[in-house]
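Engineer: Supplied in structure tokens, the structure appears directly below.
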Amino acid sequence: MPEHASRKLSLPVLFLYIVAFSLAVIYIVPILWMVVTSLKPEGSVIGEIGRRFLPPFTFENYQYIFDHAPIVRWTMNSLFVSVVVPILSIINASLAAYALSRIDFSYKKIVFWVILSGMMLPGEATIVSLYMVAHKLEILDSYYALILPALAGPLAVVIVRQFYDGIPNELVDAAKIDGCGLFKTWWNIFLPLSKPVMAALFIFSFLGTWNDFLWPFLSIQSEELYTLPIGISFFMSSYNQDETMPMTVNAYASIPIIIVFIFFQKYIVKGITFTGIKG
């Protein structure tokens, strides 16, 4: 191949590297800004950008939030809800998708379109009716209020149903020959084959539940039941001028999200593929 041809082929690759590096810098700078500010002594943050990244640094801010707020309890609440909700919602979505994909029943298409129409409504549009239902059921200010409303996810049902439609019928026929009923077929065939999509849905549900603010803010009144976003909002309300303490609690709250992204980024990419999200 001529030398000029190889040079032309390398230019697009070089351009992609430059774009990727630029995007990485754009995304990493706010994180570095948050971490550095959280390590500055309270009241020492100044307007000059260059001096903000210079010593002194301290971990006293982190010690302060542990000493003056039930931050560990809020973290445990968030972890509990953020793990239970994805597990239960995935089981619910998987069973619903299995029924829609492989079981013939009356008005099957209508049921699917009703579920699909739920994706067209923003959560804020149903928040009042959801609050009224929770009030009637007397589950406000409890873990039930944080968990139960999050289990009905139409997007998960649609994604899993589409995945189940692609499973060969030969596997289902083989399971029937082996004496498997509907539940055994789902458990032994569909559930194991759907591990990648389940992992992706689990991560997205975990991230969404961890960062959820509006519904926990409306449904929880007891401080011992606060999730981390709610507790942080009340804790930061007394720090209107200084930046260090709000940045400290936000940096602390970001740690689980960063860990999940680092260890499960390949499943996040798969999740983007399954959901058809483009960014």
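Engineer: Glu138 fails exactly one of the following numbered conditions: (1) at pLDDT 90 or above; (2) surrounded by 13 or more Cβ atoms within 10 Å (Cβ to Cβ); (3) not basic (Lys, Arg). What is the number of that condition?
Structural biologist: Among (1) at pLDDT 90 or above; (2) surrounded by 13 or more Cβ atoms within 10 Å (Cβ to Cβ); (3) not basic (Lys, Arg), Glu138 violates only (2).
Engineer: Sort out for me the helices (runs of 4 or more DSSP H) sitting completely within the stretch 63-169 that have 2 or more residues that are without any contact (Cβ under 8 Å) to a residue 40 or more places away in the chain, hydrophobic (A, V, I, L, M, F, W, C) and closer than 25 Å to Asn250 by Cα.
Structural biologist: Per the criteria, 71-102.
Engineer: If you don't mind, another one. Which condition breaks for Ile115 when tested against (1) closer than 20 Å to Pro256 by Cα; (2) crowded, with 16+ Cβ neighbours inside 10 Å?
Structural biologist: (1)
Engineer: Another one. Among the residues of the stretch 179-203, write down those that are under 16 Å from Ile159 (Cβ atoms), open to solvent by less than 70 Å² (accessible area, probe 1.4 Å) and assigned to a helix (DSSP H, G or I).
Structural biologist: Phe190, Leu191, Pro196, Val197, Met198, Ala199, Ala200, Leu201, Phe202, Ile203
The values are calculated or read from the model by the stated rules, or taken from the named source; none is laboratory data. Bear in mind the structure is a predicted one, so any value in this text is a computation, not a measurement. All Cβ positions, glycine included, derive from the backbone under ideal geometry; neighbour counts span all protein chains shown. When the accessible area is computed, the model is the full protein with side chains, heavy atoms only, and any ligands, DNA or RNA have been set aside. Shrake-Rupley method; radii C 1.70, N 1.55, O 1.52, S 1.80 Å.
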